[in-house]
C-alpha cells in the first residue's frame, strides 16, 4: 500500500525530519535558550551542530541495527519485531505521557549537547519511527544488502538534513524575530501526535508485508 | 497516580521569562496556611479573595482542614511552575494545580488539588511522616520549589530528627518521594531554604538550625554559643555537589530566605540574616559571582530600636532594645524592589535594588511590632509583625501575614499573637501604602506563608531572559 510510488521513502523521511525538527523538545528551544543566555546569535548557531549530530546518531543507530538485522533475520520476522517495538513504544508514550529524560543542566558544551540530543531523540523513539521506511527499501533476502546499506545512509542523511534545516530555521526565526512569547500560545502538545505517529509506523510496518 | 491528564497547550500561568511574567493578569485568590497554636485542632489552608471588585474582597472564601492536629504548616509550593518551559528538560503540558503543603513539625506532607474549583481545594494525597523519613532521609520539610528534576524540598532535620538537614526530591506527577538530593554535601550541616540560578546550574541553600534548636523556641544558650546558621552554600545543581560555603559576619546568625535574581543572566541574589549578637541588628546580604568564584557582602543593616524594658518580653528585657528580626525578604519579579520584613520592630521596608550593591530605601510601612503595636486603619493595636511577604507578579501588590512559628511567637509576643493578613499597594516608581480596605483577621489561628493563584515573586524560576 505504501509503495505506490518509488519516491515515498524519501518524502516520508523528509517529512519525519521536519516533524522532529519542529518539536521544541528536540533542540531548537535549547539553542534559543543558550543564545538568549549569552546574548548572541552565534551561540544559537553553534548549538545546532551538536543537536543535529546527536539526533543523527540516535536515528542512525536504529537504521544500522535494522539493516544489520535484515542480514540475519527473515523479513517477515523482522517486520513483526519492528512493528511490535513501535506499537509497544507508542502505547508506552500514550500511557505514560509524563515520562521524559530527567536531564539537569544548561551549562553544556559540544559533547553535552550531542549527548542531550541523542538522549531526547532516543527517548522519543525518533529513529524507530523510520523503521517502516528502512524496511521498505528494496532488499530481498539479503542479496542486495550493500545497496540497502547505502540506501539507509541516504535516508539518514536526508532525514538529518530536513531535521537540521527545520530546527535551525525555527531557532533563528524565534531568536531573531518572534521571541519566546509564542511558546505560551503555540507550544502544542506534540506528545500525543508523536505517540500516534509511532503507532501508525508500527501498523505501516506490518502492512508492508 | 495523582496527576491530571496532559494539556494541549502549556499552562497559561507558565511564562518563559520574568519580563513576560510581570505582564500577567492580577491575581484574584491567595492560598494561606494557618496554624492552630494549641495543637488541638488541625491546621488549615484557607483561600482569600483578592479581587477588589468582589463582594468578599479581603475575606476568606474557602478552607480545607488538614487531617491531624499539630502539623505546623509553614511554607508550601506548587507542583509545577514556569520552570517547566526550561529547554533542557521541557514538560510544559502540565497544570499548576497541586499545592505541596508540608507540616514542619509533624513531617507529614499534604498534596492539595486546587481544581476544579480553586476556592474549594481538596486533599488528594497524604505522605505520612514515617514514609517521608524512610524515603527522603530527612524530616521537618520546609521549602518547596518546582524544578527541572521534579519538586525540590528542603528539610531541617535528618531521618532521626537531628542533623544534617538537606534537600530531597519528589516526583512532580506521582508525588512519590524519590530520595535525598545531595551526592556530596561537603561541610553543609544546617538547612533552611533553597533556590537556584537555574540556567547556571547553581543551587543555593541557607541555614537556620536543627530541629532541637528551633522546635521548642529560640534557645538563648545556643544563640550565645553561635550554634544557629552562619553561612549559605553554593552547589553544583547538575552534579549535586557542594562548591562553596559563604559565611556571613562573625556575629550574625540565622541565614534564612534566599532570593536570587529572576533574570537568568544575572548571578546574584539576596539573603536575609535574622540577628547579630553584637547589637541585635538584622541584615541583608548580597551573594554574587565574579570571575567564577562566589562572594557575599552585607548590603543592608537594620539597627535594633531602643525600648523601655517594661514593654519587652522577658527574653529581651536585659537588652533594652527591640531587634528587627528580619525573617523574610522577597524580590519583585523584575528584580527591582526588595521587601524586607522586620517582624520584631513591626516594619516592612522596600528597597530599590536596581544596583544590587547599593540598595536605596524607597518605602516603609509599620504594622504591629513588639513595642510599637501599630494599628491598621481597620484595626486596633496589632501584635505580631510583617512576616511572610508575597509580591504579585506585576509588583503592584504586596501581601503579608504576621505569625512566624508558634514556639517563637510565644517568646516574642508572649501575650498571644493574634493572626492577621494585610495588603499593600506599591507604586511602580517606589513607595507603598496599606490598602485601607484589606485587613483580614484570623480568630485563634495564625497565618503563615501566602501563595498567589497563578504564581508570585517567590514561586517561579525562568530559563529565558
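Quick notes
- Per-selection Rg to Rh, segment A:8-207 - Cα, Kirkwood hydrodynamic radius: 1.00
- Computed from the C-beta positions of residue B:245 and residue A:45, the FRET efficiency with R₀ = 35 Å rounds to 0.35.
- Summarising the label geometry, the points placed 7 Å from Cα in the beta-carbon direction at residue B:293 and residue B:126 lie 5.2 nm from one another.
- Contact order, relative form, for segment A:47-177: 47 percent (alpha carbon pairs under 8 Å, 6 or more residues apart, mean separation divided by residue count).
- Arranged from fewest to most other beta-carbon atoms within 10 Å of their beta carbon, B:212, B:36, A:7, B:117 become A:7, B:117, B:212, B:36.
- Overall Cα dimensions of segment B:343-465 - principal axes, largest extent first, Å: 47, 29, 27
- Ellipticity at 222 nm from helices only: DSSP H runs of n ≥ 4 in chain A, each -39500 (n - 2.57), divided by the residue count, give -24000 deg cm²/dmol.
- Segment B:1-145: C-alpha gyration tensor shape, a/c 1.5 cut-off, then a/b vs b/c: oblate
- Residue-averaged beta-carbon neighbours from other chains (10 angstrom radius) around A:174-184: 4
- P(r) histogram, all alpha-carbon pairs of segment B:110-222 included - 5 Å bins from 0, percent: 2, 11, 20, 22, 18, 13, 9, 4, 1, 0
- Spatial separation of Cα centroids for segment B:1-60 and segment A:113-132, in angstrom: 38
- Between helix A:145-173 and chain A: long-axis angle, C-alpha atoms, 0 to 90°, nearest 10: 20
- As a calculated quantity, the FRET efficiency between residue B:38 and residue B:319 at R0 = 30 Å, using C-beta atoms, amounts to about 0.50.
- For the peptides A:166-176, B:355-365, B:444-454, the ranking by packing is B:444-454, A:166-176, B:355-365, with the highest mean count of neighbouring Cβ atoms within 10 Å listed first.
- With the simple spin-label model, which puts each label point 7 Å out from Cα in the Cβ direction, the residue B:63 to residue B:277 separation comes to 4.4 nm.
- Judged by the mean number of other Cβ atoms found within 10 Å, the most tightly packed of the peptides B:84-97, A:82-95 leads the ranking B:84-97, A:82-95.
- Only helical runs count toward this figure. For chain B, summing -39,500 (n - 2.57) over DSSP H runs of n ≥ 4 and dividing by all residues gives -1500 deg cm²/dmol at 222 nm.
- Spin-label model, residue B:377 to residue A:38: label points 7 Å out along the Cα-to-beta-carbon direction sit 5.4 nm apart.
- Contact order relative to length of segment B:188-344, as percent, for alpha carbon pairs under 8 angstrom and 6 or more apart: 17
- For the peptide A:94-106, the mean number of other protein chain Cβ atoms found within 10 angstrom of a residue's Cβ is 6.
- Both the radius of gyration and Dmax for segment B:18-452 are 20.0, 59 Å, in that order, over alpha-carbon atoms.
- Per-residue extension of 0.36 nm, minus the Cα-Cα distance of residue A:177 and residue A:119, leaves a gain of 18.0 nm for this segment.
- Peptide B:231-244, shielding by other chains (average Cβ, 10 Å cutoff): 1
- Taking Cα atoms only, the orientation of helix A:41-72 departs from the longest principal axis of chain A by about 10 degrees.
- Separation of segment B:215-278 and segment B:403-464, taken as the distance between their Cα centroids, equals 22 angstrom.
- If you wrap the Cα atoms of segment B:28-72 in a convex hull and average its projected area over all directions, you get 3.0 nm².
- Pair-distance distribution P(r) for the protein assembly as shown, from all Cα-Cα distances in 20 Å bins starting at 0: 18, 47, 25, 9, 1, 0 percent.
A short reminder: the numbers here are calculations on the coordinates, not readings from a lab. Since this is a predicted model, take the numbers as computed values, not measurements. Heads up, the Cβs are rebuilt from the backbone with ideal geometry, glycines too, and the neighbour counts pull from every protein chain shown.
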